[in-house]
Amino acid sequence: MNDLSARHALDRLIAERRERYEALSRLIGRNPAYIQQYIKRGTPRKLDEADRRTLARYFGVDEQVLGGPEGVAPIPAKRRQPPVVVVPRLSLGASAGAGSLDDDERASGAMAFDPAWLREMGVKPDALSIIRVDGESMAPTLSDGDEIMVDGADGAARLRDGIYVLRLDDVLMVKRVAMGPKRGRFSVRSDNPHFPNWDDIDPALVDIVGRVVWTGRRVG
């Protein structure tokens with residue numbers, strides 16, 4: 001298969017699976033524009049061997065479909081990976097302590113999730129991101145080092161009681177939001193009683209980044 005056919009084949013697979021160029025770029029550890037540039041501009045001319053192998057396994061196709069050499073043994077069906085949604089893991093932390101400012105929101109990796117599970121969660125993959133919790137102010141609900149999934153499509157317009165990532169005074173933090181009796185007013189609370197709360201906040205002072213919908217942590 002020539003280089004142009006390989007690019008067309010990959011683009012067709014992406015369209016059929018409703019994948020995103022940037023998510024697949026992160027899957028192979030490249031910058032977000034890498035796959036789009038490869039398909040649309042032919043840069044690079046060929047996929048790196050390791051990248052091609054990863055994408056072939058991800059889509060469950062033979063490497064030859066993506067420009068690999070003939071004679072490469074196909075991936076056994078039982079080893080083919082089911083479709084997954086790749087969610088970017090951002091290189092920043094949301095403070096659950098005294099507050100930390102970090103404007104570096106570049107992707108530092110990705111995590112893969114079952115699309116059926118995400119549908120059950122009622123979230124849209126394009127609006128999701130994974131970030132790290134810094135600090136202990138949300139303990140025991142969230143601990144320092146936990147990974148949280150943030151739904152950026154569920155923000156200020158649908159604000160309700162729950163845990164959110166927000167910016168207050170240019171500080172990125174993860175806190176519990178408690179709606180108040182006055183329409184539109186709310187409090188920002190820490191689950192850990194040893195940390196402060198902010199009561200009856202003016203919504204204009206807070207930027208709601210998104211609602212926390214899932215958390216994962218290392219055991220042991």
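The values are calculated or read from the model by the stated rules, or taken from the named source; none is laboratory data. Quick caveat: nothing in here was measured; it's all calculated off a predicted structure. A quick note on method: Cβ atoms are made from the backbone with ideal geometry, for glycine too, and the neighbour counts reach across all protein chains shown.
Assorted remarks:
- Residues being polar (S, T, N, Q) and either modelled with pLDDT of 80 or more or touching a Phe, Trp or Tyr at 6+ places or on another chain (Cβ under 9 Å) (or both) are represented in the range 55-74 by at least one member.
- Residue in the range 144-157 that is surrounded by 14 or more Cβ atoms within 10 Å (Cβ to Cβ) and more than 20 Å from VAL87 (Cα to Cα) present: yes
- Applying the set (1) more than 25 Å from VAL86 (Cα to Cα); (2) assigned to a strand (DSSP E or B) to ARG183 leaves exactly one unmet item: (2).
- For beta carbons closer than 9 Å, sequence separation of 6+ or different chains, a first residue in the range 147-169 that is assigned to a helix (DSSP H, G or I) and a second that is surrounded by fewer than 16 Cβ atoms within 10 Å (Cβ to Cβ) and not basic (Lys, Arg), the qualifying pairs are ALA156/PRO203; ALA156/ASP207.
- Criterion (more than 24 Å from GLU120 (Cα to Cα) and either touching a helix residue (DSSP H, G or I) at 6+ places or on another chain (Cβ under 9 Å) or outside the structural domain of VAL123 (by TED's automatic domain parsing) (or both)) met by exactly one of PHE186, PHE195: PHE186
- Checking each residue in the range 186-200 for being in a strand (DSSP E or B) and buried (at least 17 other Cβ atoms within 10 Å of the Cβ) picks out PHE186, VAL188, ARG189.
- When ARG119, ARG30 are checked against the criterion of being at pLDDT 85 or above, in a helix (DSSP H, G or I), within 30 Å of ILE131 (Cβ to Cβ) and of a type in the set (D, E, K, R), ARG119 stands alone in meeting it.
- Unmet requirement for ALA139, which otherwise passes all of (1) among the small types (Gly, Ala, Ser); (2) within 25 Å of GLY29 (Cα to Cα); (3) in a loop (DSSP other than H, G, I, E, B): (2)
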